[in-house]
Amino acid sequence: MTDAPIGNIDAVLIRFTRIEMTNKVTGQVVTLRASPIEVNLLDLQNGLAQIMGSQSVPPGIYHKLKFSVSTVAARIQGVRV
């Protein structure tokens, strides 16, 4: 992201509960992350990144990447809404 946050927003928080991808040929679903992680999108501005999972992936062609999200929230002037 390169845009500045709107107004007094301190954080844009997304809680991912699972990350998966699917092999196009076999249909096998590979779980990249099975435990929850909360990410502040505002920490990922101007080319910064965050590793969200680390898993060995069988060779192949993958055509689906699925992010399961449980909550989305903002923090405005220190208050989570």
Mind listing whichever residues of the stretch 68-81 are open to solvent by 70 Å² or more (accessible area, probe 1.4 Å) and either more than 30 Å from Gly7 (Cα to Cα) or touching a Ser or Thr at 6+ places or on another chain (Cβ under 9 Å) (or both)? Val69
If you check every pair at least six apart or on different chains, which have Cβ atoms under 6 Å apart with a residue in the stretch 1-30 that is at pLDDT 95 or above and outside any strand (DSSP E or B) first and a residue that is open to solvent by 50 Å² or more (accessible area, probe 1.4 Å) and not small (Gly, Ala, Ser) second? Lys24/Ile61; Lys24/His63
Leu65 meets each of (1) among the hydrophobic types (A, V, I, L, M, F, W, C); (2) exposed (fewer than 11 other Cβ atoms within 10 Å of the Cβ); (3) free of Cβ contacts under 8 Å to residues at least 40 places away in the same chain with one exception, condition (3)
Considering residues of the stretch 18-60 that are more than 25 Å from Arg80 (Cα to Cα) and of a type in the set (Lys, Arg) only, the residue surrounded by the most Cβ atoms within 10 Å (Cβ to Cβ): Arg33
Kindly check whether there is at least one residue in the stretch 33-41 that is out of contact with any helix residue (DSSP H, G or I) (no Cβ under 8 Å at 6 or more places or on another chain) and either at positive phi or in contact (Cβ under 8 Å) with a residue 40 or more places away in the chain (or both). yes
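The values are calculated or read from the model by the stated rules, or taken from the named source; none is laboratory data. If you're wondering where the values come from, they're calculated on a predicted model, not measured in any experiment. A quick note on method: Cβ atoms are made from the backbone with ideal geometry, for glycine too, and the neighbour counts reach across all protein chains shown. Only protein heavy atoms, including side chains, enter the accessible area calculation; ligands, DNA and RNA are left aside. Shrake-Rupley method; radii C 1.70, N 1.55, O 1.52, S 1.80 Å.
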